[in-house]
Amino acid sequence: NSAIDPNVTIGARVRIQTDVYICAFSEVEEDVFVGPGVKTTNDDTMARHDRDYDIRGCRLRRACRIGGAVTLCPGVEVGEEAFVAAGAVVTR
């Protein structure tokens with residue numbers, strides 16, 4: 001039940017669990033763990049923008065761990081070896 005949009009980069013040894021959505025223009029570096037139910041977003045205007053607007057995915061740095069049911073907002077960068085607790089909404 002997981003979905004990965006086009007224009008996503010995924011590194012080696014990444015673990016993506018069930019019901020995960022990785023949106024377009026995201027980058028997942030090597031050794032990252034993405035828990036079940038994680039959702040990423042890439043458009044903070046919810047389609048209320050002109051053609052010049054840059055869609056921004058999230059960036060998950062090497063070996064970070066994302067807990068279950070986390071929501072990552074557009075442009076968020078999770079640092080190397082960082083841990084995001086289950087159920088968090090990460091806005092910056």
Worksheet item: How compact and how long is region 14-92, expressed as Rg and Dmax of its alpha-carbon atoms in Å?
Response: 12.2, 36
Worksheet, complete the sentence: For A12 and I55, extending 7 Å from Cα along the Cα-Cβ vector and measuring point to point gives, in nm, a value of 3.0
Worksheet, complete the sentence: Listed by chain and number, the residues whose amide H is under 5 Å from that of G11, excluding neighbours fewer than 5 places away on the same chain and using placed H, are V28, E29, E30
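Each reported figure results from applying straightforward, stated rules to the coordinates on display, with no laboratory input. What you are looking at is a predicted structure, and each value in this text was computed from that prediction instead of being measured. Positions of Cβ are generated from backbone atoms using ideal geometry, with glycine treated the same way; all protein chains shown enter the neighbour counts.
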